[in-house]
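Undergrad: Take this structure first; my questions come after.
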Ligand code: RB5
């Protein structure tokens, strides 16, 4: 699985810790900014990573800002992206089992690195359950068809 990462300045340090975890565990990934010492708008960096998933160059995205909220708002403006701000192991697990989350968002100002790494591990390892949850995702796709003009 290939993971596209991006952060703003408030998520940069946590992103570094997650990149190091992915590297140590041999998980393929790419970093789409921002770099150190930059003050940026999270909107622009969410776009850079999500574009990689929409183009199918990457399978999923991990986006990190101060709270994980702004990144999720931007990511969820895109068809087929199901971005979930996860704050603990439970939300990480259910975001995959029930929501088939393909974009994890985290808050660099709200979750310490060790907890964030557990969230990432569970989010990467947990499978989607399908069944009644697929029916619900199909309804989300219908809403996207109705409201989103392009990809
Ligand atoms: C930046 O100060 C902060 O607003 C941003 O990182 C994020 O938390 C927005 O949702």
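Laboratory data are not the source of any read-out in this text; all were calculated from the coordinates shown. Keep in mind that what you see is a predicted model, and the values were worked out from it rather than measured. Note: ideal-geometry Cβ built from the backbone for every residue, glycine included; neighbour counts use all protein chains shown.
Undergrad: Would you mind telling me which numbered condition in (1) touching a residue at least 40 places away in the same chain (Cβ under 8 Å); (2) crowded, with 19+ Cβ neighbours inside 10 Å residue 2 fails?
TA: It is condition (2) that residue 2 fails.
Undergrad: Could you list, in sequence order, the residues of segment 60-71 that are surrounded by 24 or more Cβ atoms within 10 Å (Cβ to Cβ) and more than 6 Å from the ligand (Cβ to nearest atom)?
TA: 61, 62, 63, 64, 68, 71
Undergrad: Right, another one. When segment 20-53 is examined, which residues are found to be surrounded by fewer than 18 Cβ atoms within 10 Å (Cβ to Cβ), part of a helix (DSSP H, G or I) and more than 13 Å from the chain's Cα centre (by Cα)?
TA: Answer for segment 20-53, where residues must be surrounded by fewer than 18 Cβ atoms within 10 Å (Cβ to Cβ), part of a helix (DSSP H, G or I) and more than 13 Å from the chain's Cα centre (by Cα): 20, 21, 23, 24, 43, 44.
Undergrad: Quick one: which strands (runs of 3 or more DSSP E) sit completely within segment 54-151 and have at least 2 residues that are without any contact (Cβ under 8 Å) to a residue 40 or more places away in the chain?
TA: Per the criteria, 83-85.
Undergrad: Same structure, new question: Inspect all residues belonging to segment 20-34 and state whether any of them is within 16 Å of the ligand (Cβ to nearest atom) and under 25 Å from residue 144 (Cα atoms).
TA: Checked segment 20-34: no residue is within 16 Å of the ligand (Cβ to nearest atom) and under 25 Å from residue 144 (Cα atoms).
Undergrad: Follow-up. The conditions are (1) in contact (Cβ under 8 Å) with a residue 12 or more places away in the chain; (2) within 12 Å of the ligand (Cβ to nearest atom); (3) closer than 26 Å to residue 138 by Cα, and residue 41 fails exactly one of them. Which is it?
TA: The single condition residue 41 does not satisfy is (3).
Undergrad: Among the residues of segment 77-86, which ones are surrounded by fewer than 18 Cβ atoms within 10 Å (Cβ to Cβ) and within 16 Å of the ligand (Cβ to nearest atom)?
TA: Residue satisfying the conditions is 77 alone.
Undergrad: What residue, among those in segment 1-19 that are more than 13 Å from the chain's Cα centre (by Cα) and part of a helix (DSSP H, G or I), is nearest to the ligand (Cβ to nearest atom)?
TA: Per the criteria, the residue is 10.
Undergrad: Here are some conditions: (1) within 13 Å of the ligand (Cβ to nearest atom); (2) under 30 Å from residue 135 (Cα atoms); (3) surrounded by fewer than 22 Cβ atoms within 10 Å (Cβ to Cβ). Residue 102 meets all but one. Which one does it not meet?
TA: Just one mismatch for residue 102, condition (1).
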